[in-house]
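Take a look at the structure set out below.
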Amino acid sequence: MTKFPRFRPSRRDALKFAGAASLSALAAPAVHAQATINVRFTLDWRFEGPAGLFLMALEKGHFRAEGLNVSIDPSSGSREGVTRVASGTYDMGFGDFNSMIRFRDENPTVDVKAVMMVYDRPPFAIIGRKSRGITTDVKSLEGKKFGAPAPDGAYAQWPIFKAVNNLDDSKMVFENVGFPVREPMLASGEVDAIFGFAHSSYINLKSRGVPDADIIVLHMFDYGVELYGNVLMPSVGFMKDNRAAVAGFNRAVVKGIRDCIADQAAAVKLVLARNDVARQETEAERLKMCIDNYVMTPWVKANGIGGIDPARLAKSIDQIGLTFTYKNKPKPEDVFVSDLLPPAAERKLV
């Protein structure tokens, strides 16, 4: 067998090889190993127009850019988002801030907190029909009959609404109805008004043939209710173990909301792909109503999305106390964490 002499590079050859390797390393693209974190995210409702706020972040790759593998699931109500996150079933959730505050007080061992405000104003509303005697004057509500689902987030704020508007509800009738029959009952005249989220009930009434001119929407935020709306919430365990991921989730959502506002038609297409019975025109109107009324508020235009006004939050905590008795009334910093938000300049939407 022929033996080949073992190659022993000289010092000069070794330096040449090292230099070539260095040049090769410079020419090759840098590859950064980044661990992917799975995140189960729950919405506050079905895949309808407003879900586009989050679907755009998924579609545009903003979650992926933060090293997050996000799955998005629908739910049956804004309160369910709170319980899903509080139980740890979901890592992140979108739900009613006021319900979260109340849940914390009722379950003091579950220190769930909000990390980003998405709905600067809540969608809580009373929706009535002009033909049934309802007007924008709150006094027109006295003596009327209401469809009021017991678990409804808007109906839960009635004690606040009636207190700040000095209403006498002793002669009002509140009928506990299911969500599926709420709008049909108002459309058929079985009740004079209903409680609900404006962008849902208003759109649903129109789709049932109720003339737009006959629909009266009383947004509670226009009548002295200082509450905030829906927030992003991480589970206690996810918050403890993945603070950087929570901050990345917030950054991705801000970018997704900006993209959604810029191209609402694209956002609606993403909703339709996940909801076989949704209609393009209906969800486009629902999304626009959501953006115009709850997301792009005057405060958000001036300060950027995601944060809160501590003085307003303190007042809203006081108002929540009108709906039930606190065991341990929280301070604003007990329920909202602001240090995981992007800088204010990066949260500007306009």
TODO: Name the one entry in ALA156, ALA198, ALA148, ALA163 that is surrounded by fewer than 20 Cβ atoms within 10 Å (Cβ to Cβ) and under 24 Å from GLY321 (Cα atoms).
DONE: ALA163
Open item on the list: Taking the conditions exactly as written (in a strand (DSSP E or B), among the polar types (S, T, N, Q) and assigned by TED's automatic domain parsing to the domain that holds ALA247), does SER71 satisfy them or not?
Closed with: yes
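Quick check on the stretch 306-332: of everything there that is outside any loop (DSSP other than H, G, I, E, B) and without any contact (Cβ under 8 Å) to a residue 12 or more places away in the chain, which residue is surrounded by the most Cβ atoms within 10 Å (Cβ to Cβ)? It would help to see each step written out before you state the result.
Step one: of the stretch 306-332, the residues outside any loop (DSSP other than H, G, I, E, B) are 306, 310-320, 332.
From what's left, without any contact (Cβ under 8 Å) to a residue 12 or more places away in the chain: 311, 318.
Working: ALA311: 10, ASP318: 13.
Result: ASP318.
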Open item on the list: Residues that are touching a helix residue (DSSP H, G or I) at 6+ places or on another chain (Cβ under 9 Å), part of a loop (DSSP other than H, G, I, E, B) and either in the same structural domain as GLY306 (by TED's automatic domain parsing) or surrounded by 24 or more Cβ atoms within 10 Å (Cβ to Cβ) (or both): does the stretch 176-184 have at least one?
Closed with: no
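Based on this model, can you work out whether ASP241 counts as outside the structural domain of THR136 (by TED's automatic domain parsing), under 23 Å from VAL85 (Cα atoms), more than 21 Å from the chain's Cα centre (by Cα) and free of Cβ contacts under 8 Å to residues at least 24 places away in the same chain?
So ASP241 passes the test.
Is it true that ASP339 is surrounded by fewer than 18 Cβ atoms within 10 Å (Cβ to Cβ), in a helix (DSSP H, G or I) and free of Cβ contacts under 8 Å to residues at least 60 places away in the same chain?
Values: surrounded by fewer than 18 Cβ atoms within 10 Å (Cβ to Cβ): yes; in a helix (DSSP H, G or I): no; free of Cβ contacts under 8 Å to residues at least 60 places away in the same chain: yes.
No.
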TODO: Residue by residue through the stretch 292-305, note down the ones that are touching a residue at least 40 places away in the same chain (Cβ under 8 Å) and either within 14 Å of the chain's Cα centre (by Cα) or assigned to a helix (DSSP H, G or I) (or both).
DONE: ASN293, TYR294, VAL295, MET296, TRP299, VAL300, LYS301, ASN303, ILE305
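Going through ILE305, ILE216 one at a time, which residue ends up being in the same structural domain as LEU186 (by TED's automatic domain parsing) and touching a Lys or Arg at 6+ places or on another chain (Cβ under 6 Å)? Please lay out each step first, then the result.
Numbers: ILE305 fails: in the same structural domain as LEU186 (by TED's automatic domain parsing).
Of ILE305, ILE216, the one residue that is in the same structural domain as LEU186 (by TED's automatic domain parsing) and touching a Lys or Arg at 6+ places or on another chain (Cβ under 6 Å) is ILE216.
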TODO: Output the residues belonging to the stretch 223-257 that are assigned to a helix (DSSP H, G or I) and surrounded by fewer than 19 Cβ atoms within 10 Å (Cβ to Cβ).
DONE: TYR223, VAL236, GLY237, LYS240, ASP241, ARG243, ALA244, ALA247
Open item on the list: Among the residues in the stretch 74-91, are any part of a strand (DSSP E or B) and either of a type outside the set (Asp, Glu) or modelled with pLDDT of 95 or more (or both)?
Closed with: no
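For the subset of the stretch 92-142 comprising residues that are assigned to a helix (DSSP H, G or I) and not assigned by TED's automatic domain parsing to the domain that holds PRO343, which member is nearest to VAL335 (Cα to Cα)?
Our first condition is that a residue be assigned to a helix (DSSP H, G or I); within the stretch 92-142, this holds for 97-106, 130-132, 138-141.
Filter once more, so that each one left must be not assigned by TED's automatic domain parsing to the domain that holds PRO343: 130-132, 138-141.
Numbers: LYS130: 39, SER131: 42, ARG132: 41, VAL138: 31, LYS139: 34, SER140: 36, LEU141: 33 Å.
Ranking the candidates gives VAL138 first.
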Open item on the list: Which condition from (1) under 21 Å from SER75 (Cα atoms); (2) of a type outside the set (Asp, Glu); (3) touching a residue at least 60 places away in the same chain (Cβ under 8 Å); (4) in a helix (DSSP H, G or I) is the one that ASN275 breaks?
Closed with: (4)
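The values are calculated or read from the model by the stated rules, or taken from the named source; none is laboratory data. All figures in this text were calculated on a predicted structure; none of them were measured in a lab. For neighbour counting, all protein chains shown are included, and Cβ atoms are generated from backbone atoms with ideal geometry for every residue, glycine included.
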